[in-house]
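One structure is given here, and the rest of the page talks about it.
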Amino acid sequence: MSWTGRICGAIIGVFLPVPFGLLLGFFLGWYFVDRPRNDKIRAVYGSAGNFRRGYNFALINSTLAMLGFVARGDGAIKREQIKVAEDCMNAFNLQGSAREAGIAAFNRGKSENFDLSSEAQAILRASLNDITAVSLVLELVVHMALADAVISQGEEQRLYQVAQALGVSRSDMQALIRMRYTEMNFRRSYGWNQYSGNYSYGNQSSGYEEDQGSYSSGYGSNSSSEGDKDKLAYAYQMLGVSEDASWDEIRKAYHKLMFKYHPDRLRSQGLPPHAYEDKVRDITAAYDLLKKTRGEK
């Protein structure tokens with residue numbers, strides 16, 4: 001979906017000699033540019049059967065197929081992977097025939113004759129080559145690979161195959177994997193995660209050796225002070241900023257992430273508005289922790 005009008009309008013609004021120029025420009029860009037353009041896009045998709053009840057089922061079903069493909073990387077589907085698939089279908093609010101189609105898509109992905117290239121092209125078409133939508137798909141396939149907190153060699157290989165098919169570099173996929181490990185450690189530090197251990201990426205404990213550096217949580221003590229330090233480190237990683245970043249940089253990183261997962265933006269792509277609410281919770285918790293630690297209001 002188009003965001004060009006809102007982005008350009010917001011940039012122009014910054015320089016307008018009026019109060020709240022950025023917000024005014026954002027609104028005008030949406031009203032006069034993005035809204036009519038997106039209405040036309042939805043009309044085209046609607047006639048093709050992609051958009052129904054406001055959801056982009058073409059994108060959702062192809063995403064579920066990718067989940068099936070990655071899940072089969074270990075040779076057999078595990079109970080934890082089935083739960084991830086079910087959780088995704090629940091998050092996508094798939095019911096009745098839509099859920100049956102989603103299950104069929106997942107099974108198609110785990111079949112021996114799955115056409116990865118064609119499915120990737122279907123995702124790109126359904127998302128209009130929106131890099132944010134592609135990133136959301138990749139986050140879910142990484143989530144599937146880490147269903148049991150370990151990425152096997154077969155799952156790792158399939159993650160990179162999916163990334164390549166969607167035009168995403170190996171290094172960018174590695175960054176997404178690291179971020180997923182960070183999220184799991186951050187949730188564990190708050191007691192939100194079903195796993196009690198910590199997770200590392202790039203060593204034998206994760207099932208394979210990483211060939212471009214390593215990442216580890218650094219969690220090695222049961223003391224509360226060490227735990228607080230780790231939680232703070234994870235918070236910086238969650239927002240994608242360094243520990244010596246200025247507060248302005250942290251605030252901008254937070255707003256950028258919240259914009260990416262905002263319900264209205266997800267809805268504009270035909271995705272359920274609250275499909276990524278757990279991630280929004282993590283981002284908000286990380287930001288609140290840094291704000292409290294730095295004494296910001």
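Return the residue satisfying two criteria in turn: it lies in segment 170-179 and is out of contact with any strand residue (DSSP E or B) (no Cβ under 7 Å at 6 or more places or on another chain) and open to solvent by less than 50 Å² (accessible area, probe 1.4 Å), and of such residues it is farthest from Tyr236 (Cα to Cα). Across segment 170-179, the extreme among qualifying residues is Met173.
Applying the criterion of being of a type outside the set (D, E, K, R) and touching a Gly at 6+ places or on another chain (Cβ under 7 Å) to the residues of segment 106-121, the residue that is least open to solvent (accessible area, probe 1.4 Å) is Gly109.
Could you list all residues from segment 119-134 that are free of Cβ contacts under 8 Å to residues at least 60 places away in the same chain and either of a type in the set (S, T, N, Q) or over 23 Å from Arg72 (Cβ atoms) (or both)? Once the filter is applied, which keeps residues that are free of Cβ contacts under 8 Å to residues at least 60 places away in the same chain and either of a type in the set (S, T, N, Q) or over 23 Å from Arg72 (Cβ atoms) (or both), segment 119-134 yields Gln121, Asn129, Ile131.
Would you confirm whether or not segment 122-139 contains a residue that is open to solvent by less than 60 Å² (accessible area, probe 1.4 Å), outside any loop (DSSP other than H, G, I, E, B) and polar (S, T, N, Q)? Yes: segment 122-139 contains one or more residues that are open to solvent by less than 60 Å² (accessible area, probe 1.4 Å), outside any loop (DSSP other than H, G, I, E, B) and polar (S, T, N, Q).
Answer yes if at least one residue in segment 200-211 is at pLDDT below 80, surrounded by 22 or more Cβ atoms within 10 Å (Cβ to Cβ) and under 19 Å from the mean Cα position of the chain (by Cα), and no otherwise.
Yes, segment 200-211 contains a residue that is at pLDDT below 80, surrounded by 22 or more Cβ atoms within 10 Å (Cβ to Cβ) and under 19 Å from the mean Cα position of the chain (by Cα).
The lone criterion from (1) at pLDDT 95 or above; (2) more than 24 Å from the chain's Cα centre (by Cα) left unmet by Gly109 is number (2). Every residue in segment 165-193 that is over 20 Å from Asp74 (Cβ atoms), assigned to a helix (DSSP H, G or I) and not aromatic (Phe, Trp, Tyr), please. Within segment 165-193, Arg170, Ser171, Asp172, Ala175, Arg178, Met179, Thr182, Glu183, Asn185, Arg187, Arg188, Ser189 qualify. When the residues of segment 242-278 are filtered to those that are surrounded by 16 or more Cβ atoms within 10 Å (Cβ to Cβ), in contact (Cβ under 8 Å) with a residue 60 or more places away in the chain and assigned to a loop (DSSP other than H, G, I, E, B), the one that is nearest to the chain's Cα centre (by Cα) is Tyr276.
The values are calculated or read from the model by the stated rules, or taken from the named source; none is laboratory data. All figures in this text were calculated on a predicted structure; none of them were measured in a lab. So basically every Cβ, Gly included, is an ideal-geometry build from the backbone, and we count neighbours across all protein chains shown. Please note that ligands, DNA and RNA were not included when accessible areas were found on the heavy atoms of the full protein model with its side chains. Shrake-Rupley method; radii C 1.70, N 1.55, O 1.52, S 1.80 Å.
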